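What follows is a short report on a single structure.
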Amino acid sequence: MGGSMTSATTLKELQDSALEHLWVYLREPSDMAEKGEPTVYVSGEGVRVTDSQGNTSIDAMSGLWLKNVGYGRKEIADAAYEQMLKLTYMPMGTTTEPTIRLAEKIAEITPGDLSRSFFTSGGSESIETAIKLARAYFKRVGEPGRIKFISRKDSYHGATAGAMALGGNHLYPRADYEPLMPGTFHVPQPNFYRCEYNSQTPEECGERNVKAIEDTIKFQGPETVAAVFAEPVSSPMGAVVPPDNYWPMLREVCDKYGVLLIADEVITGFGRTGKMFACEHWGVTPDMMTVAKGITSGYIPMGGTITRKEIADAFVGSQRVSFRHVITFGGHPVAAAAALRNIQIMEDEDMVGNSARQGAYLLDGLKELQEKHPMIGVVRGLGLMCGMELVKDRETKETYPAEAELGSRLTSAFQANGLHLRGSDNMNVAPPLCVTSGEIDEIVSGMDRAFTQVGRELA
Ligand SMILES: Cc1ncc(COP(=O)(O)O)c(C=O)c1O
């Protein structure tokens, strides 16, 4: 898929216009102006993207962990186009075949009896839907006092009010938006590298972090707690893979106190971690699962909240008990057609297996980088969801001061080496699931050169 070149004059016009009229997410206009940005992209193929000046680079972050089948899959565009020619919406209170087929497919590929989907336009709406479903569920089953939520520090669940209250990490300061949704309580993240309980083994870290959830449930009063929200592998600190005992123990604790377990698989779902859904690594079926991103590989916006049958059934029987919640674009037939084709590609081409295999290869490569570059404090990953924490001092795990501008130095160095990666103390590396071992070699060697350069600058 060749990109058409934009003249330098047109590019300048576009950039000036963007600086005046557009919020480019996670960027600040004066910084972009200084760097001659934003870069404008025009095409993509597989793991590579090409900008308006014809420069091609590897998108080692899959956009935002979403380009699972990679860029440029014509079959998905065709499926969306064909559906667009046929039908682009439906009369109120009805549905369409692709939407039904997608719900059916999701019931087939998700673990256990997760069986009914509420489709949304993205991850944040899926979380908001789960918040409402959880509270409404307990009203339906005669436990109306269960209104509180427990989530983890250093997590991210989305940008909308409820989702933001559940999340909590330094990248998105909560103070700007207070007061946040009342009734949310945060416990530590099971990050063995920085375990809040100074655990000596991953098992101890898993146990203690689940105990923190149990203690919070008991302290709040189990009869007031609706649900625990957690990402199976958490992104903000750089792919925090929990100890293996964490999810099974968390499932037990939630069952013991009648609290719902909601797995936020917005990033991890659809093959990212080397299983179709990350909960499968630990044999756990959550009560609800939120998805988005990889459901269409980002070809078109879509998300969903999937519930176990028992929860969905509480909303069946009469109009009075039904779930009254509308997202206009949820279940859009064009998005559903694209999602179905996307999932079919993943299955036909064993992209989930490729994620497991290439993920292990990438992790080995990152570990080699860690041996070479003292600033890499820890490397971790599951499938193609890899990450690392960067430190100034490995012994004390002290991070670089803001003045060192580690993040922007690294981002520029990665870019200069043909890689799209966001430099930060907490790095993520997550190429599309179609990545080959040759492309992983390119990613690792590009990172190697970038770390060498930035290491020298900061020495
Ligand atoms: C785990 C998780 N949940 C929810 C969201 C929110 O999704 P969206 O940005 O599609 O609203 C994100 C986005 O990155 C996420 O990583």
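Take each peptide in 115-126, 61-72, 140-151, 317-328, count the other Cβ atoms within 10 Å of every residue, and average; sorted highest first, the result is 115-126, 61-72, 140-151, 317-328. Cα centroid separation, segment 280-342 to segment 388-459: 35 Å. Sorting 81-92, 41-52 by average packing, meaning the other beta carbons within 10 Å per residue, from highest down gives 41-52, 81-92.
Averaged per residue, what accessible surface does the chain expose to a 1.4 Å probe, in Å²?
That works out to 44 Å² per residue.
Rg and Dmax of the chain, based on Cα coordinates, read 22.1, 68 Å.
The modelled label-to-label distance between M5 and D31, using points 7 Å beyond Cα along the C-beta direction, is 3.1 nm.
Rounded to the nearest Hz, the phi-derived 3J(HN,Hα) couplings of segment 444-459 under the Karplus curve 6.51 cos²θ - 1.76 cosθ + 1.60 (θ = phi - 60°) are 5, 6, x, 5, 4, 4, 5, 5, 4, 4, 5, x, 5, 4, 8, 5, where x marks glycine and proline. Here the Karplus relation 6.51 cos²θ - 1.76 cosθ + 1.60, evaluated at θ = phi - 60°, turns the backbone of segment 316-324 into coupling constants of 10, x, 7, 4, 4, 8, 5, 8, 9 Hz, with x for every Gly and Pro.
Expressed to the nearest 5 percent, the antiparallel share of DSSP beta bridges inside segment 183-301 is 10 percent. With a Förster radius of 22 Å applied to the beta-carbon distance between E45 and D441, the computed FRET efficiency rounds to 0.75. Placing unit charges on each Cβ (+1 for Lys and Arg, -1 for Asp and Glu) gives segment 12-129 a dipole about its Cα centre, and among I106, W65, S124 the Cα reaching farthest toward its positive end belongs to I106. For L419, the residues whose modelled amide H falls within less than 5 Å of its own, excluding neighbours fewer than 5 places apart on the same chain, are I58.
The H on the amide N of L390, modeled in the peptide plane, is under 5 Å from the matching H of G377, N426, M427, each at least 5 residues off or on a different chain. Could you tell me which of rounded, prolate or oblate describes segment 40-197, using a ≥ b ≥ c as the square roots of the eigenvalues of the alpha-carbon gyration tensor, with rounded for a/c under 1.5 and, failing that, prolate when a/b is larger than b/c and oblate otherwise? In terms of gyration-tensor shape, oblate.
Between Y172 and D255, full extension at 0.36 nm per residue minus the direct alpha carbon distance yields a gain of 26.7 nm. Partner aspartates and glutamates whose Cα lies under 16 Å from the Cα of K35, excluding those fewer than 8 positions away in the same chain, are identified as E13, D16, E20, D51, E405. Put a dot 7 Å past the Cα of M90, heading toward its Cβ, do the same for T56, and the two dots end up 4.1 nm apart. Of the accessible area of segment 53-134, computed with a 1.4 Å probe over protein heavy atoms only, carbon and sulfur atoms account for 59 percent. The H on the amide N of V187, modeled in the peptide plane, is under 5 Å from the matching H of S151, R152, K153, each at least 5 residues off or on a different chain.
Summing +1 for each Lys or Arg and -1 for each Asp or Glu among the other residues whose beta-carbon sits under 15 angstrom from that of R48 gives -4. Over the residues of the chain, the helix contribution to mean residue ellipticity at 222 nm works out to -12500 deg cm²/dmol, using -39500 (n - 2.57) for each DSSP H run of at least 4.
Given the pairs K367/K392; K139/K275; K153/K397, which are separated by over 24 angstrom at their Cα positions?
Violating the 24 Å Cα-Cα cut-off are K139/K275.
The values are calculated or read from the model by the stated rules, or taken from the named source; none is laboratory data. Just so it is clear, the structure is predicted and the values come from calculations on it, not from any experiment. We place every Cβ from the backbone using ideal geometry, glycine too, and count neighbours over all the protein chains shown. For the accessible areas, the whole protein counts, side chains as well, though only heavy atoms, and no ligand, DNA or RNA atoms are used. Shrake-Rupley method; radii C 1.70, N 1.55, O 1.52, S 1.80 Å.
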